[in-house]
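The values are calculated or read from the model by the stated rules, or taken from the named source; none is laboratory data. From a predicted model like this one, the values you see are computed outputs, not experimental measurements. Cβ placement follows ideal geometry from the backbone for every residue including glycine, while neighbour counts extend to all protein chains displayed. Surface areas here come from the heavy atoms of the whole protein model, side chains and all, with no ligands, DNA or RNA. Shrake-Rupley method; radii C 1.70, N 1.55, O 1.52, S 1.80 Å.
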Amino acid sequence: MNLIYLVALFLASHIYLEKGRLPAKMQEVKLRYILFGSLGAITLAMVLGVLLNIASFLVMTVTICSASLIAYKYRSKFDEMERGKSV
C-alpha cells in the first residue's frame, strides 16, 4: 500500500510542478538553498517521525516531495543553459 501511495505522490508532485504552480518566490530561490532546505526538511521529518511513531511514512513523503522539487529546479536550470542563458 505504501508503494502505491509513494508512486501517486511522486506523479502528483511532478504534475503540480510542471504546470507551473510553484510560487514565484520559490522559483527565485537558488538551487543550493533548495538542496540545503531539503536536507533540513528530511532531517526534521526523521526527528518528528521518531517522536510521533510514523518515521518511515513521514520521511518517505518528505523525501519524495523534496526530490520532485530538486528535479524540477535542475530541469529548469538545464533548460536555461540550453537556451544560451548564463546560469
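Some points to look at:
- Rg/Rh for the range 26-73 (Cα atoms only, Rh after Kirkwood) is 1.04.
- DSSP-loop trypsin sites (Lys or Arg not before Pro) across the range 1-74, with at most 10 other Cβ within 10 angstrom: K19, R21, K30
- Shape index of the chain: Rg/Rh, with Rg the Cα radius of gyration and Rh the Kirkwood radius from the inverse mean 1/r over Cα pairs, equals 1.04.
- Nearest-ten-degree value, helix 2-18 long axis tilted from longest Cα axis of the chain: 20
- Between the listed residues C65, V47, N2, the Cα displaced farthest toward the positive end of the dipole of the chain, a dipole computed from Cβ unit charges relative to the Cα centre, is found at C65.
- Per residue, the solvent-accessible area of the range 26-73 (1.4 Å probe, heavy atoms of protein chains only, all protein chains present) comes to 62 Å².
- Remark: the range 22-87 carries a charge dipole of roughly 180 debye about the Cα centre, counting +1 on each Lys and Arg Cβ and -1 on each Asp and Glu Cβ.
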